[in-house]
Structures are given as C-alpha cells and as structure tokens.
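To start, the structure itself, in structure tokens.
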Amino acid sequence: MDAIDILLTGSFWVAVIRIASPLIFATMGELICERAGVLNLGIEGIMTVGAFTGWLTVYLGGDLWLGVAIAALAGVAFGLLHGLLTVPLGLSQHVTGIGITLLATSLTYFTYRVALPEVTSPPKIEPFQPFPLPGLSGIPIVGPALFNQTPLTYLAFVLVAVVAWILTRTPVGIALRAVGENPAAVEAQGISVTAVRMGAVAVGSACMAVGGAFLTMSAFNSFFFEMINGRGWVCIALVVFGSWRPGKALLGAVLFAAFDAYQVRLQQVTGGAIPYQVFLMLPYVLSILALIVVARRASYPKALMAPYQKGER
Amino acid sequence: MDGAMDGAMDDGAVLRLVGVTKRFGPLVANDSVSFTLNKGEVIALLGENGAGKTTLMNILFGHYLADEGHVEAFGHRLPPGEPRAALAAGIGMVHQHFTLADSMSVLENIALGTQSLWSLRFDRRRALARITTLSRDFGLEVHPNAQVSDLSVGERQRVEILKALYRDARVLILDEPTAVLTPLETEALFRTLKKLVAKGLSILFISHKLNEVLAVSDRVLVLRSGKIAGERATSATNRSELAALMVGDTVTEPTVTDHAPGETVIELVGIRTTGRVGGAPLDTIDLTLREGEITGLAGVSGNGQAALAALLAGTLRPDSGTIRIRGEEMGEWTARTALAHRIGRIPEDRHTIGMIGDMNVIENAISESYRSPRFSHRGLLDWKGAEDFARAIIRDYDVKCPSPRAPVRLLSGGNMQKLILGRAFDGAPHVILASQPTRGLDVGAVAYVHAKLLEARNRGAAILLISEDLDEVLALSDRILVISKGRLSPPSARGALTVREIGERMAGHGFQEEGGIHAA
C-alpha cells in the first residue's frame, strides 16, 4: 500500500469521520460561545469533565444516553461558572478560561482517583454501537464513512445544521450574533446582554462536554488521564479556521481529522524510515498553515473578549 | 428651575422628566432636570460637550439609573434602568454612537429583539415588508439586505431611525444626529423629521449646534453643567442669546487676519497608500503646505483623513509617490523622520494615540523627545530636566492637573489637549498636523486651541487642519481642500466656496471621475 492508496480505502474515511466527531461537537460549542462574544478557553477542561462524567454514568450502570445527558449537564455547570466570572463580573476571558480548564481537569482526575482507588488499568464500558442507516450504508466508501457510524456521530452532523439554522434563521440567533458584534445594540433593543451571553456559554459548554463524552462512549470505551490531549485547543483553532461559520468549521474539523488519520497510516507505509514524531506533528503543522492561509481574512465577532458593563461610560 | 413647567400642557404631554439627578462619583452630570415634551412637538436640548445631555438621554432610555427623580411616558412612570420598558412605552432612541452590529444585515439589525427569543423562526418576509413601507413613507431609503458595514454614515443613521419606527416609536430621541452627516444628509434628515412630526410623533433633538437647533425645533432647552439654564420658544430667541445661555459667559473666538504665505515646507506628490489605518486609503494625492498658512481639510469621516494624518505623522508609509520637505526628497519615512523634520502632531484621538493614560504627565510630555540629549544622558533619563519641561508646559499652556506626577487619564479632555499642544509645539515645529484638534472640547477650550493654532501660523508654521467640523475649517483655514474617497479636491481660498458647495464636494461630487454614492 502506498501513500495515495490510503485515501481510497474505506476504513480510512470511517476513521476520519470518527476522529472528526468529537471535534465537531466541541467546535460548535466554542463557536456558539465566541459568536456571543465570549472566548471559552475552558474547553479543554470541559471536554475532560464531559468524557469522565459520561463514562462514569455508564460505568455505574446508567444508560448511554443518560451518560450523554449527564455530560452535557456537567458542561452547563462549568459553562455557567465561566459565564458568571466573565459576563456579569467582566473578568478576563483568557485567564478565567485557563482557570476553568485547570479546575475542571484537576477535579476530574481527583474524582476519578477517589472513586476508583484500586484501579490500575482503566475499566471499559459497553459503548455506542455503529448504527447503519438502511440503504445508505451500502454505498462504497461514503456509505461506511457517513452512514455506518454511532448515533453520536450522526448527532454531531445534525448539531452543525441546527447551529447554522439557529444563528441565521431565528430571533435568538440574531440576538446571539448581535451580542457578539455590538452588545450596546442588543441592550438598546431591550434584550439582556447578560442573559444572552450566559445562555450561549452554557449551551456551548454543553456541546464541548458531549464532544469529550464521545471519546469515552464512542471511541476509546474507557476513561484515562490526558485523553483529551489538546483536542480542545485544536477546536479553538478550528473556529478561527471556519471564520466563525458552522459549515466551514465542520469542513475544518473533517480536514484536521483526515490529516490525523492519514499520518497514522503513513507511519505504517513508511515503516519507520522517518521518526514517527514527525507524523504526529503533521496535522498540527498543516493546521497552522491552513490558519495562515484561510484565517487571515476572517472577520471575527467585533465584541469578542470585550466584557459589557451596562451603563459604563 | 425655570425649566419646570409641569401642568402647563397636561393633555398633550407624551414625556415628562421630573427632578432627574445623576452623579458619577463627585461629578453631578444632571442636577434635578425637569421638562415636558408634548405631542407633535420638537424640543431641542442644547448644551456644550459635558453639559449632561447624553447622560440625561441615557437615563430617559434606561441605560443609566437616575439617583433621584423619574421619567413618565404617556402618564405612566417608567421603571428605571430598563430600556425594554422605554421601548414598550414607545420611546425610540438614535444614539450618538450608533448601536448597530456591523457584520449583520440592515434587516437583522432592525428586527433584532422584536420577536420573542423563543420563537423558532424569524419572520424575514414580514420584517422586509414593514421596513420597505416605513422607508418609503418617511424618505429613509436603505437596502434591507445590505450589510451594515457597507453603509455610509448617513445610511446607518437611517437604519437607526427605522429601528425606532419599526417598534412603533411615538417619541424619538436623537442624540447629536448631525455630528457625522454632510450638509446634504443633514437637510435630508430634517425633511424626515418634519414628516415624522406631521404623523404625530414627538422629537427630542440633542445638539450643540445653534443653527440646527434654530432650524428644527419648536422649543429650546439649554443645559449647562447638568442644570436647565434656560428655556425659550424657538421663534422668540436667537443665536447669541442661546450661545450665552449655553456657555454662561461670552466667549470670544480669535479672529483671523490676512497673512501672506511663505515658502513651501512640505510637499506630497502622487501619494497612494494601502496600509490599514481605518477609512479609505489615499488615492494619488498632491498636497503642498506652506509657511504661515493653515490648510483646512474638510470631509466626512472615513474618507482618507486617517490615512493622510498617519502619513504625515510618519506612521504610514506611502506605496508610491514622494514626500519632499523643503525640496529634499525623503527616503525612509517613519515617525522618527517626521519628528526629526519638526512635524508637530496633534493626533485625532488623544486617548488612544495621543497620550498613555496610565503614565504620568512628565512621561507623556517627553514621550516624543525622551531619546534626545535634552532628556537622556548615556542611556539614563534626566528626570529633573523632564520634570522642568513638564512644569513649563503646565505653566505656559495652563494645564490643570493635580501634579506633574499624576496619571494623564485623570485630566479632562481639554487639559489633555493642552498638554498635547505643549508637547507638539515645543521647539517651534515647521509643520503642524492638527487632526480633529477640538473634538469633544468645550467652547472655552476650543477657543484656546484655535488661538494657539493661529499663533503658530502667524509665526510661520505650516498647518494642516483636519476636521469634521465644517464651521471650524471655515473659520480658521487660509485654504480649504475637501477629501472624498481618498482623493483631494483642488484647494480653494477662504470664502471662495459656499457651505453648500463644500457639502457637495464632501458627498463626492465635483471630483474628476464621478464616484457615485451608495445605491439606496
């Protein structure tokens, strides 16, 4: 098998979509927050919390969907904390976000240790199973990649459509975008800036947490330390790559996942002639290049990272 | 207060302010202000910058909470601090700084918040129909699907007015609506206001421009230092009476005496820029500044003034064209070269470019010259010399500050500007770049800045005065140029053009190729 043939194998594309799924959830979450003007650097920690709480629910005997719901709720909780500190209190979004990531990650690891003191190898759960969509899953290459995935992957794609719809076609979407562009415009129309931003951060954080839960409930089947492994930070770059648009961000997530899946297979093809770290680096290098090319012209939400204080001169 | 006339026209009252007081720390922005607005009436609220006009409107609309007093609309008391309640009561506000989301469409901006946030679908078609009707009825032409960032300032203001009308506003508050308009756009706005009044709306028009107040209102309230200093029927008053009420004293503006210009100091030939400084880039301009002459640059904000100012200040490099100073062609053009060639700079925005708010008066005073041997010896600053220099500016320019060691952000706008003048005029610069030198200053400070500029002109400095205030350009300039879309009109001597002609040039007419205004 050589480097080009990889692109023609069905299993490669299955892996691409699987790798992309958690990124899609978390990218949509970050996108929602940022469109409302709140940078959420808590994403890495919130994904960790989501991965753990979702897994734990199932490990303790809960239903898989209950696990997803609990993960989302945990995301909401940390989102509200981030929102409380950055929106009504107007603290620095950078510092708060990093604080949230540290807090959420440490709290998760601590809880894991306390809950499972004797464990040496991470216990497995019964994860979501692939659910072939009748008729469509038979199409070569595209079929298995897009239509024979777990329900969470389908949900990720539905989420992109829903986010795009809400942002452009609903009153709440207009308010959300306006609050990220010019909060004073929203206030002048009698809508509470605080409420819209808090809501956006809570919902966005829930999406991030579900992205984390995907890893434990639909990919690795267990929880272990450092498992998020920078995916949250990648999602922040993907939002920029996507110029804050859901469709383009989805494209970015799939592209990044393709680089990632490709480098793993390329390692096997080259058979150790090149150090494997070079391949590990590949998706990130390509992401940086893509950012340089695409995102330079991107127009960001004008009020991103600008706290809004009512009646301030 | 003679402004209180409660009960006088009770039946027609749509809006009433009762004893409104607002304090910001020790500053009393509004001091028990009371007045009544009647149906179909236009009240002008006249006052200087800092008189408390905008604060009052923000209380009225619920952006600020009043410390005392309350607002009544149509006989009902408005809950304080709730813009939603003011909107529901039929009060619409056109803010001085537009509250529009730039990257969204006109339609989205107008319809924002008019539907419940929980509704699943935004009714675009209904909104479109309504906006089209309103803009036709009131002469507010604007394209509903255009993105706000593509609109001219005049168009943005129409969007703001439409926003209020879309919500069935019956009282319209306009905060300094003409500050950003060309004379032609101002006329169009006034026509719209007449139509609104004819339909029974009431208007509160806030301004510091006497001519407009006289042209548009039925009644004038003068606000001074937060208090109502007087109330007049427009038909029974005049400019000088209103000016005296507004300032509380008579201010004498310096007079311009005729004066023959000297040699050419700086010459720009065929300059083009592309750098990002906001507004239009410069499109092949030629400009000559001569000794002892004030060249006034009129134009609507965003047409290349920022690029021209940055170019002369040395912070923007031209893409093509030459800069000559006293005949010598400039090679590398940077802020340092500009300073070395004695270009004194009064920047457009004293808070962001002019001064560093958290650094003290001394540090700001020497910020253009700290590297010179005057203030530094062998890499160490001479703080004593610096302080003496700062104290000299404080004394000569009458800068009121707690101490030379006080951070500059504690200074008022006028005193900050005086400090900038002192710094820019140090060592008698050959060229002075004065960008919006009196923006946001009160009448007294304006007169002071004007006097200093004329003084510099009379001693032989070449001055470029960039201002959005046409009256200022007309009053001070020996020659007037108009900038539009990055191009310069040929210069005209003072008095050669009427305000209307200048206005037309500001709108882009009369340049070599017809630029065409935004299609409505």
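What follows is calculated from the coordinates using simple rules that are stated; it is not laboratory data. Being a predicted model, the structure only gives us computed values, none of them experimental. Virtual Cβ from ideal backbone geometry, glycine too; neighbours counted across all protein chains shown.
Some notes on this structure:
- Against chain B, whose longest principal axis comes from its Cα atoms, helix B:153-166 is set at around 20 degrees.
- Angle in degrees between helix A:246-270 and the longest Cα principal axis of chain A, rounded to the nearest 10: 30 degrees
- Contact order, relative form, for chain B: 15 percent (alpha carbon pairs under 8 Å, 6 or more residues apart, mean separation divided by residue count).
- Helix-only mean residue ellipticity at 222 nm for chain B, each DSSP H run of n ≥ 4 adding -39500 (n - 2.57), per residue, nearest 500: -9000 deg cm²/dmol
- Remark: for residue pairs A:K302/B:K400; B:K22/B:K209; B:K163/B:K195; B:K22/B:K418; A:K302/B:K418, the C-alpha separation exceeds 26 Å in A:K302/B:K400; B:K22/B:K418; A:K302/B:K418.
- Trypsin sites (Lys or Arg not before Pro) restricted to the range B:305-383 and DSSP loop, no more than 16 other C-beta within 10 Å: B:R326, B:R342, B:R371, B:R374, B:R378
- Solution diffusion estimate, µm²/s, Stokes-Einstein, the range B:103-168, Kirkwood Rh from C-alpha pairs, 37 °C, viscosity 0.692 mPa s: 275 µm²/s
- Backbone phi angles across the range B:301-316, fed through the Karplus curve with coefficients 6.51, -1.76 and 1.60 (θ = phi - 60°), yield HN-Hα couplings of 3, x, 9, x, 4, 5, 5, 5, 5, 5, 4, 5, 6, x, 8, 10 Hz in residue order; Gly and Pro are listed as x.
- Straight-distance crosslink candidates among lysines, where the alpha carbon sits under 16 Å from B:K199 and sequence neighbours closer than 8 are dropped: B:K39
- Note that the range A:24-36 has calculated 3J(HN,Hα) couplings of 5, 4, 5, 5, 4, x, 5, 4, 4, 4, 6, 5, 8 Hz, one per residue in order, obtained from phi through the Karplus relation 6.51 cos²θ - 1.76 cosθ + 1.60 (θ = phi - 60°); glycine and proline are x.
- When the charge dipole of chain B is built from unit charges on Cβ atoms (+1 for Lys and Arg, -1 for Asp and Glu) and taken about the Cα centre, the candidate among B:T284, B:V153, B:A233 whose Cα reaches farthest toward its positive end is B:V153.
- When each of the peptides B:433-444, B:223-234 is scored by the mean number of other C-beta atoms lying within 10 Å of its residues, the order from highest to lowest reads B:433-444, B:223-234.
- Segment B:L381-B:D258, extension gain: residue separation times 0.36 nm, minus the distance between their alpha carbons: 39.9 nm
- Shielding of B:58-64 by partner chains, average beta-carbon count, 10 Å: 3
- Assigned charges on the beta-carbon of Lys, Arg, Asp, Glu; the protein assembly as shown dipole about Cα centre (debye): 900 debye
- Between amide H atoms placed 1.01 Å from N, distances below 5 Å from B:A229 occur with B:V222, B:L223, B:R224, all of them 5 or more places distant or on a separate chain.
- Debye intensity ratio I(q)/I(0), log10, the range B:318-434, q values 0.13, 0.19 Å⁻¹ (C-alpha model): -0.54, -1.02
- Against chain A, whose longest principal axis is taken from its Cα atoms, helix A:93-115 shows a tilt of about 50°.
- Efficiency of FRET between A:V95 and B:D396 - r from beta-carbon atoms, R0 25 angstrom, step 0.05: 0.05
- Remark: spin-label model distance B:T21-B:H351 equals 2.7 nm, labels positioned 7 Å along the Cα→Cβ axis.
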